[in-house]
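*Asks:* After the structure tokens below, expect a handful of questions from me.
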Amino acid sequence: MNTYDLILTLGSAAFFMALVAYVSYRMTRGKTEGIDEYFLAGRGLSGVFIAGSLLLTNLSAEQLIGLNGQSFVGNMSSMAWEVTAGFAAIIMAIYLLPKFLGMGISTLPEFLSQRYDETVRRMTVLLFLLGYMCVTIPSMLYSGGIAVLQLFDVPALFGLGYTESLWIVIWIVGIIGAVYAIFGGLRAVAVSDTLNGIGLVIIGFLVPILGFFALGDGNMLAGMKQIATVHPEKLNAIGSSDDAVPFFSIFTGILFANLFYWSLNQYVIQRVLGAKDLKEGQKGVLMTGFLKLLVPIFMLLPGIIAFHLYGGSLASGDLSYPKLITELLPVSLMGFFLAVLLGAVFSSFNSLLNSIATLFVLDIYQPVFAKDASEKQLIRVSKIFGTVVALISFIVAPFLMYAPDGLWSLIRQFTGFFNIPILVIVLMGMFMRTIPPIAAKIVIVFHVIAYYFFVFGLKQIFGWDHGISYIHGYGILLVIEVLFMIVMGKYRPATATKKTYRRGNVELTPWKYAIPVSVLLTSSIVWMYVLFSKIGVAYPDGIVSNWFWPVTLLLVVTTVILWRYALQAWNTRYAEYLEEYKRAQ
């Protein structure tokens, strides 16, 4: 990249980023005075902003680089992490969201305080804070820094070493992202996320389209035909035991991990808790489920296109997406892509920063140290704490380059320390009112110790490698912990068999199409697996097998029948269920 191209790229990136910042500022100006506004956007987010913010909060540089890298060296099996998120979105929208909005909670630990006790609340906050501060936030910054370095060769451009360049990029990205979260509040984050999300979708589709043209020597259809007929096994999402994600692990671990992430992870559900009513919250969550179906197109398909274009010439699969960008994207669009890439990094980073400040202020500082603190004081403490966490993250992030098994694996393994125990104690607390607080405390302590030995300890201390994927470990420990809580609820029940929760003031009238759209989303997920299988485009003897269209037609007919039945019967039952819930509050 010559000097002119560099100036054009940086200048256009700065323009797009400034435009997003200006629009976010105009839409949020003068709206950060109260804690509800600062932490939950005044509980006034619409479905579009919820979906846009959820999508971009979830997607970041490590997925652009990591998922495309996995499809380059393997196949489409890693799409399980993305596509099956729709099931979690349905559970969140239909079952959990009415309960959370009805309670009027601001954080998940606040619910645990009402259901169990303050100690469970503190233990859960500690899990969140350690997970976010030690790995999740630094990993977002590190992955963004790596992506910028790989795409734009910063060391060569400025004559710096790799390590120095990484530190500089991380600090620049981090400071800009922190400004949104610390000084703008959740509404500013949601608005900027939605705008950047539009850009991400545009770039996400543009890259594979340009790849198809390159693969087909100017003919897009010829390029599409080539990846469907040459090495069609690369398009198979039904992973074997040797693939990145074995298909069976979807049911033993991934569904549970996604259920935690999309239903109980504070930095994700905080957007949904900010919905102006149940209807808009359900729209936003279900819309996100459909948007996640697009992820394989721009976070896995480009890796397969790169495999066909570059074969074994790349030293690492993680270089496949940067190679496509530098080779195929016109210089005139490089600035736009850089702005979108940084926007994705900013989104994940500032969402985490906003949420960790929310957890600290509302679940630790206010109830423990300042019960009578004013809203102004709480916001001030939140900004101070967010700044401290940001600075710590800037320092920790560059050291992730020394992670032995790679960033993607590190993030997935580390989140296992807190996702399953929180999932268990929340859901079991909802289903069984007799489970005592001590059961939740034991589950948290047991899981942290048992998970460490399952994933790391047995090999590090005893030199024994059991060969079982950590994803299966999710399911194994979940079953053990659920059974333990059931036993505790039966033989040592809580002294109070019913908890009285404070009521929120959010309208709980459900979206008329929530159930039918959930049916459509479920069918769409199934069809994605039909498409990327040996029945579909991974068929070894042609573009698709003879079974593809009959199976698709059967799925369409089934969906239409269930849609009509949902409108006529399930909607009525669901509205009655919510009415009974409101009366029981």
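*Asks:* Could you work out how far apart the two model spin labels at ILE543 and ILE297 are, taking each label as a point 7 Å from the Cα in the direction of the beta carbon, and quote it in nm?
*Replies:* For ILE543 paired with ILE297, the spin-label model returns 1.7 nm.
*Asks:* How much length is gained if the chain between GLN114 and SER240 is pulled fully straight, taking 0.36 nm per residue apart and subtracting their Cα-Cα distance, in nm to one decimal?
*Replies:* Using 0.36 nm per residue and subtracting the Cα-Cα distance, I get 41.0 nm.
*Asks:* MET299 accessible area, nearest 10 Å², 1.4 Å probe?
*Replies:* 0
*Asks:* Would you list THR194, THR229 from the most to the least accessible area, probe 1.4 Å? Numbers along the way, then the final one.
*Replies:* On the way: THR194 15, THR229 60 Å².
Largest to smallest exposure gives the sequence THR229, THR194.
*Asks:* Also: Under a 1.4 angstrom probe, counting protein chains only, how are THR572, THR358 ranked by accessible area, largest first? Working shown, then result.
*Replies:* On the way: THR572 70, THR358 0 Å².
These residues rank, largest area first, as THR572, THR358.
*Asks:* Would you mind calculating the relative contact order of the chain from Cα pairs under 8 angstrom and at least 6 residues apart, reporting the percent as a whole number?
*Replies:* Values: 916 pairs, mean separation 168.9, N = 585.
Result for the chain is 29 percent.
*Asks:* Under the 0.36 nm per residue contour assumption, what length would be gained going from the current alpha-carbon distance of PHE248 and VAL48 to full extension? Could you put the intermediate results ahead of the total?
*Replies:* Numbers: separation 200, 0.36 × 200 = 72.00 nm, distance 3.37 nm.
Using 0.36 nm per residue and subtracting the Cα-Cα distance, I get 68.6 nm.
*Asks:* Accessible area per residue, 1.4 Å probe, Å², for the chain: what's the number?
*Replies:* Numbers: 23430 Å² over 585 residues.
On a per-residue basis, the chain sits at 40 Å².
*Asks:* With the cut-off at 20 Å, tell me which of the pairs LYS99/LYS279; LYS99/LYS276; LYS276/LYS383; LYS99/LYS292; LYS234/LYS534; LYS99/LYS512 have Cα atoms farther apart than that.
*Replies:* Working: LYS99/LYS279 13 Å; LYS99/LYS276 15 Å; LYS276/LYS383 25 Å; LYS99/LYS292 24 Å; LYS234/LYS534 11 Å; LYS99/LYS512 18 Å.
Result: LYS276/LYS383; LYS99/LYS292 exceed 20 Å.
*Asks:* While we're here: By accessible area of protein heavy atoms, probe 1.4 Å, what ranking do GLU164, GLU481 get, highest first?
*Replies:* GLU164, GLU481
*Asks:* Given a 1.4 angstrom probe, I'd like the percentage of the accessible area of the chain that is carbon and sulfur, rounded to a whole number.
*Replies:* Details: 15720 of 23430 Å².
Carbon with sulfur: 67 percent of the solvent-accessible area.
*Asks:* Give me the dipole magnitude in Debye, nearest 20, for the chain about the Cα centre, with unit charges on the beta carbon: positive for Lys and Arg, negative for Asp and Glu.
*Replies:* Details: 37 positive and 31 negative charges, 409 e Å.
For the chain, the charge dipole is close to 1960 debye.
*Asks:* Taking 8 Å as the Cα distance limit and 6 or more residues as the minimum spacing, I'd like the relative contact order of the stretch 511-585 as a percentage. Could you put the intermediate results ahead of the total?
*Replies:* Working: 46 pairs, mean separation 26.0, N = 75.
It rounds to 35 percent for the stretch 511-585.
*Asks:* Compute the FRET efficiency between LEU458 and ILE438 as 1/(1 + (r/R0)^6), taking r as their Cβ-Cβ distance and R0 = 30 Å, and round to the nearest 0.05. It would help to have the intermediate numbers written out before the result.
*Replies:* Values: r = 28 Å, r/R0 = 0.93.
With a Förster radius of 30 Å, E is 0.60.
*Asks:* How much of ARG573 can a 1.4 Å solvent probe reach, expressed as accessible area in Å² and rounded to 10?
*Replies:* Approximately 140 Å² of ARG573 is accessible to the 1.4 Å probe.
*Asks:* While we're on this one: So, taking all protein chains as they sit and a 1.4 Å probe, how much accessible area belongs to TRP563, in Å² rounded to tens?
*Replies:* The value for TRP563 is about 70 Å².
*Asks:* Can you give me the long-range amide H partners of LEU45? Hydrogens built in the peptide plane at 1.01 Å from N, cutoff under 5 Å, separation of 5 or more residues or another chain.
*Replies:* When sequence neighbours closer than 5 places are left aside, the close amide H contacts are ALA275, LYS276.
The values are calculated or read from the model by the stated rules, or taken from the named source; none is laboratory data. This structure is a prediction, so every number in the text was calculated from the model and none was measured. Ideal geometry is used to build each Cβ from the backbone, glycine not excepted, and the neighbour counts take in all protein chains shown. Only protein heavy atoms, including side chains, enter the accessible area calculation; ligands, DNA and RNA are left aside. Shrake-Rupley method; radii C 1.70, N 1.55, O 1.52, S 1.80 Å.
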